[in-house]
Structure formats: structure tokens, C-alpha cells
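K.L.:
Submitted below is the structure of interest, expressed as C-alpha cells.
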Amino acid sequence: MAISTYKIFLMQKNTSAWEKLIDIKEFPDLGGAPEMLETTTLSDKMQTYIPGIQSLDALAFTANYTKKDFTKLKALEGQEKEFAVWFGGTKTADGTLTPDGSDGKFEFKGQLSAYPVGGGVNEVVDMNITIAPSTPITMGEGA
């Protein structure tokens, strides 16, 4: 069964517990196609390949800009931290959402940077959160 993007969270590990970093509006691809290594010989009538190293760009997330969230993110810059994108959460009767990663936990280490993005007339002010991954993205436990 398919899932929607409702209840997807950007998480950060503090000491030993995971907590939601901030609410996000968009998240990037959490993987990429491998580089193609050509194995073609002069006996082949078509090019042949084997997969090489998986390609991955910086991970760019979009969020609503608030001074509080921006200040929180700027304090993390220049530090390698553990991050994750969790799919799934629970909602209480009063509407409180709690991330649980029931549909997948994608974990990685990296360094974060944040900046406000440009805008125009009658738009919400956004910010971009970019994480340079320093480890492969892996499926976390309990996912």
C-alpha cells in the first residue's frame, strides 16, 4: 500500500535519543543511481556496464523560516551529527504528532548548513537546510 508525505520528519540524534529537528516542507531523494562503469570490449556490439559507486548529492530540505528554527539550525553548523528522515508517526486525540518511523527510518551522519531563500510578493518565507552526508544512508532499526 502506498503512503503519503504526511507524517515525514527530519530527525536528529541527541546523545542516544532521536528527536524531531524541525518541521519540513520538502525532502530530497534518499539515494541515487550508481555510476556506470563501462566494460565494453571490441567483441561487443553494444556497450556493457557494471554498477560502480552510488551517486548522492547534498541533501536539501525546505522548511518555513522562523528566527527560532533558523537560530537552532545555525548552532549545528560545522559539526558532524546523526540525522534521519522518518516516515510515519502517530497522532493523539488532541492532534499532537509523534514521529515513530513505522514506515521507514533512513539514517546518516553529516554536516548541516541553513540559509533563508529568496521570495516574491505574497509568499511564505522559506529556508533551505542542506546536509552534506559523511556516511551512506542506511535503513535504521525498527523500520
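K.L.:
Please identify the pairs in which a residue from segment 28-47 that is farther than 30 Å from Thr130 by Cβ has its Cβ atom under 8 Å from the Cβ atom of a residue that is open to solvent by 60 Å² or more (accessible area, probe 1.4 Å) and of a type in the set (D, E, K, R), counting only partners at least 6 apart or on another chain.
P.N.:
Listed pairs, sorted by first residue: Gln47/Glu38.
K.L.:
Could you check Leu21 against (1) under 15 Å from Ile131 (Cα atoms); (2) without any contact (Cβ under 8 Å) to a residue 40 or more places away in the chain; (3) touching a Leu at 6+ places or on another chain (Cβ under 9 Å) and say which number it fails?
P.N.:
Of everything listed in (1) under 15 Å from Ile131 (Cα atoms); (2) without any contact (Cβ under 8 Å) to a residue 40 or more places away in the chain; (3) touching a Leu at 6+ places or on another chain (Cβ under 9 Å), Leu21 misses just condition (2).
K.L.:
Inside segment 7-59, counting only strands (runs of 3 or more DSSP E) that do not spill past its ends, which hold 2 or more residues that are open to solvent by less than 70 Å² (accessible area, probe 1.4 Å)?
P.N.:
The strands (runs of 3 or more DSSP E) meeting that bar are 8-14, 17-22.
K.L.:
Let me ask another. For segment 36-63, give me each residue that is closer than 14 Å to Tyr115 by Cβ and touching an Asp or Glu at 6+ places or on another chain (Cβ under 7 Å).
P.N.:
If the condition is that a residue be closer than 14 Å to Tyr115 by Cβ and touching an Asp or Glu at 6+ places or on another chain (Cβ under 7 Å), then Phe61, Thr62, Ala63 are the ones that fit.
K.L.:
Of the residues Val85, Val121, only one is among the hydrophobic types (A, V, I, L, M, F, W, C) and part of a loop (DSSP other than H, G, I, E, B); which?
P.N.:
None of the others qualify; the one that does is Val121.
K.L.:
Six or more apart or on different chains, Cβ under 6 Å: which pairs go from a residue in segment 98-113 that's without any contact (Cβ under 8 Å) to a residue 24 or more places away in the chain to one that's open to solvent by 50 Å² or more (accessible area, probe 1.4 Å)? Could you list them?
P.N.:
Correct list of pairs: Thr98/Thr90; Asp100/Thr90.
K.L.:
Quick test of your reading of the structure: Met127 fulfils all but one of (1) open to solvent by less than 80 Å² (accessible area, probe 1.4 Å); (2) touching a residue at least 40 places away in the same chain (Cβ under 8 Å); (3) closer than 20 Å to Thr15 by Cβ. Name the failing condition by number.
P.N.:
(3)
Results for (1) among the acidic types (Asp, Glu); (2) touching a Pro at 6+ places or on another chain (Cβ under 6 Å); (3) over 20 Å from Thr66 (Cβ atoms); (4) crowded, with 16+ Cβ neighbours inside 10 Å, shown as yes or no for each residue.
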| site | (1), (2), (3), (4) |
| --- | --- |
| Ala84 | no, no, yes, yes |
| Gly89 | no, yes, yes, yes |
| Thr92 | no, no, yes, no |
| Thr98 | no, no, yes, no |
| Ser102 | no, no, yes, no |
| Gly119 | no, no, no, no |
| Glu123 | yes, no, no, no |
| Ser134 | no, no, yes, no |
| Thr138 | no, no, yes, no |
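K.L.:
Could I ask something else about it? Within segment 60-77, take every residue that is basic (Lys, Arg) and surrounded by 12 or more Cβ atoms within 10 Å (Cβ to Cβ) and give me the one that is nearest to Lys20 (Cα to Cα).
P.N.:
Here the answer is Lys72.
The values are calculated or read from the model by the stated rules, or taken from the named source; none is laboratory data. Computed from a prediction, not measured in an experiment: that's the story for all the values here. No Cβ is skipped: glycine too gets one built from the backbone with ideal geometry, and neighbour counts run over all protein chains shown. Surface accessibility is based on the protein's heavy atoms, side chains included, excluding ligands, DNA and RNA. Shrake-Rupley method; radii C 1.70, N 1.55, O 1.52, S 1.80 Å.
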